[in-house]
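The structure appears right after this line, and notes come after that.
The values are calculated or read from the model by the stated rules, or taken from the named source; none is laboratory data. Not measured: the values here are computed from a predicted model. Neighbour counts run over all protein chains shown; Cβ positions are idealised from the backbone, glycine included.
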Amino acid sequence: MSPIDKKAFEIISSYSQKGGIIQSELWKIIGVDSKEGSKIVLRLLRRGMITRKEINYNGRKTYILTIASHAESRDIDIDIEDVIHIPCFTCEYLYIECGDSVKLNPTNCVKMSNYIKNLK
């Protein structure tokens, strides 16, 4: 993510607790014109990091920006031991016989199925 996108996301995040920020206000805060601001917002939207809701503000149609609900909850409890033991990392078929277009792939892999069943 570019520094300007990161800055925009941080600002949107801080305003989300207050109901969001008007798109044009975001542009003023980060110091960009509407064309560049729209590009930033679209990049964040495409990544699923923010939401945009159409509103009427001072008689004009605009958008209010908030962070996406899943973007708020980034604290995920992951045990490194579970990650280390993912079978793909040590699988002899990974680079030669495994993939979407071949018979063997993660969705029908016995090793992966057993790994998932044994997760706590």
Restricting attention to the stretch 1-19, the residues that are closer than 20 Å to residue 53 by Cβ, surrounded by 13 or more Cβ atoms within 10 Å (Cβ to Cβ) and free of Cβ contacts under 8 Å to residues at least 24 places away in the same chain number exactly 1
Tell me, please, whether a residue that is at pLDDT below 90, farther than 30 Å from residue 110 by Cβ and acidic (Asp, Glu) can be found in the stretch 23-35.
-> no
If you take the residues of the stretch 20-39 that are touching a residue at least 40 places away in the same chain (Cβ under 8 Å) and not in a helix (DSSP H, G or I), which of them is surrounded by the fewest Cβ atoms within 10 Å (Cβ to Cβ)?
-> 22
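Can you give me the number of residues within the stretch 1-19 that are outside any helix (DSSP H, G or I) and either of a type outside the set (A, V, I, L, M) or in contact with a His (Cβ under 7 Å, 6 or more places away or on another chain) (or both)?
Going residue by residue through the stretch 1-19, those that are outside any helix (DSSP H, G or I) are 1-2, 17-19.
Right, trim to either of a type outside the set (A, V, I, L, M) or in contact with a His (Cβ under 7 Å, 6 or more places away or on another chain) (or both) and you get 2, 17-19.
Count: 4.
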Mind listing whichever residues of the stretch 61-120 are part of a helix (DSSP H, G or I), exposed (fewer than 10 other Cβ atoms within 10 Å of the Cβ) and at pLDDT 75 or above?
-> 69, 80, 81, 83, 84, 89, 107, 108, 110, 117
